Amino acid sequence: MTEYGVVTRNAEETEWPDFDRGFYEVKDVTGRSAEPLASAVNMVSCFGDNAAAEASPELVPVDEEGKPATRDRTYFDWAYICPTHDEYRRGLLEIVEDCAAVNGDVRLDDVGFPRQGFCHCERCEERFAASEFDDWEAWRADVITAFVAEATDRIPGRVYLTLYPDPYPGHLYERAGLDLEALAEYVDEFVVPLYDTHYGTTYWLETIAKGFESRLADLDVEFSVELYAVNVDIDSLNHAAEVAAAYGKDVFFGYDASQAVAALRRMKADAREGKEYGASEGE
């Protein structure tokens, strides 16, 4: 049976009884940090960090032309930190340990290199040259898999990992250095955010969710879908949730717990009345 959860920055919302599970942002992409909660799966934004990038520009990944992966650049909604920076990684792993000490389940967010073409900082160039790899993308994937392995060594419970919503074979590997086959050894559940501010149509949502179902079918790992709940019409949100639930294990609502609760209550009321979402009038 599908379970429904919330993703939030507000601690009290993780304990609302309408949700089967709460995800709490202990470290987000702004660099904001909070104490982990026993009542939630604590989330850690790993290599997205505006504050660290602004304070220490040398942490930011660069492409072959030396251009940084910062939020003032095209295609970047936030700034990134290079995944090979040892001190930053140690700090992340300490945060993961702190989270796991409070609640054994942890979600790793923003894992990977920022995009294709990153990172070509001096440290990355030197480490690739000294590595056993001849292929740069294979080396990048090994860097990310090794980090996830280190993190999961510190997580006694369920390991969640957020994926960029592109199920096409090879795309996550090329984009971020995410080798799903290798990561499946360490991850229990992938979470795929499929965000829209309207959900007026859901064919695209179904296509992407089905793509992940097919992509992960041969791997010993589950996946769930995260939807955006802020200012979304309740019927549209519930229709999106119905589509997501047809393919993912569970459905999580992001960043508006009140709207998510309203949607869930409407869903339960309509289920009692026998309403089917998506059916045209007169059917």
If ARG265 passes every condition in (1) free of Cβ contacts under 8 Å to residues at least 40 places away in the same chain; (2) over 17 Å from the mean Cα position of the chain (by Cα); (3) surrounded by fewer than 15 Cβ atoms within 10 Å (Cβ to Cβ) but one, which one does it miss?
(1)
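Please find, among TYR199, TYR228, the residue that is surrounded by 19 or more Cβ atoms within 10 Å (Cβ to Cβ), in contact with a helix residue (DSSP H, G or I) (Cβ under 6 Å, 6 or more places away or on another chain) and among the hydroxyl-bearing types (Ser, Thr, Tyr).
Working: TYR228 fails: in contact with a helix residue (DSSP H, G or I) (Cβ under 6 Å, 6 or more places away or on another chain).
One residue alone meets the criteria, TYR199.
Looking at region 183-218 only, could you name the residues that are of a type in the set (A, V, I, L, M) and part of a loop (DSSP other than H, G, I, E, B)? Quick ask: steps written out before the conclusion?
If we filter region 183-218 for residues that are of a type in the set (A, V, I, L, M), which is where we start, we get 183-184, 187, 191-192, 194, 205, 208-209, 216-217.
Of everything in region 183-218, those that are of a type in the set (A, V, I, L, M) and part of a loop (DSSP other than H, G, I, E, B) turn out to be ALA184, VAL187, LEU194, LEU216, ALA217.
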Can you pull out every residue in region 1-38 that is buried (at least 17 other Cβ atoms within 10 Å of the Cβ) and of a type in the set (Ser, Thr, Tyr)?
TYR4, THR8, THR14, TYR24
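Here's a check for you: in region 150-174, which residue that is among the charged types (D, E, K, R) and either part of a helix (DSSP H, G or I) or in contact with a strand residue (DSSP E or B) (Cβ under 7 Å, 6 or more places away or on another chain) (or both) is farthest from PHE23 (Cα to Cα)?
Applying the first criterion (among the charged types (D, E, K, R)) to region 150-174 yields 150, 153-154, 158, 166, 174.
When the remaining residues are screened for being either part of a helix (DSSP H, G or I) or in contact with a strand residue (DSSP E or B) (Cβ under 7 Å, 6 or more places away or on another chain) (or both), the result is 150, 158, 174.
Numbers: GLU150: 21, ARG158: 13, GLU174: 28 Å.
The selected residue is GLU174.
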Going by the structure shown, is THR14 assigned to a helix (DSSP H, G or I), among the β-branched types (Val, Ile, Thr), modelled with pLDDT of 95 or more and within 30 Å of ALA240 (Cα to Cα)?
yes
Of (1) surrounded by fewer than 16 Cβ atoms within 10 Å (Cβ to Cβ); (2) touching a Lys or Arg at 6+ places or on another chain (Cβ under 9 Å), ASP153 fails just (2)
Considering only region 176-196, how many residues are of a type in the set (D, E, K, R) and surrounded by 16 or more Cβ atoms within 10 Å (Cβ to Cβ)?
4
Filtering region 97-114 for residues that are surrounded by 24 or more Cβ atoms within 10 Å (Cβ to Cβ) and part of a helix (DSSP H, G or I) leaves a count of 1
Cβ-Cβ under 6 Å pairs, at least 6 apart or on other chains, region 40-64 side farther than 19 Å from ARG90 by Cβ and surrounded by 15 or more Cβ atoms within 10 Å (Cβ to Cβ), far side of a type in the set (Asp, Glu) and at pLDDT 95 or above:
VAL41/ASP105; MET43/GLU25; MET43/ASP109
Residue that is farthest from the chain's Cα centre (by Cα), among those in region 219-232 that are aliphatic (A, V, I, L, M) and part of a strand (DSSP E or B):
LEU227
May I ask you to say which residue of ALA38, ALA79 is closer than 30 Å to GLU126 by Cβ and small (Gly, Ala, Ser)?
ALA79
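Considering each of PHE128, PHE147 in turn, give the residue that is in contact with a Pro (Cβ under 7 Å, 6 or more places away or on another chain), farther than 23 Å from GLY22 by Cβ, among the aromatic types (Phe, Trp, Tyr) and crowded, with 16+ Cβ neighbours inside 10 Å. Talk me through it step by step, then tell me what you get.
Working: PHE128 fails: in contact with a Pro (Cβ under 7 Å, 6 or more places away or on another chain).
Just one listed residue meets the conditions, PHE147.
The values are calculated or read from the model by the stated rules, or taken from the named source; none is laboratory data. For clarity, every value in this text was computed on a predicted model and none was experimentally measured. Glycine gets a Cβ as well: all are built from the backbone with ideal geometry, and neighbour counts include every protein chain shown.
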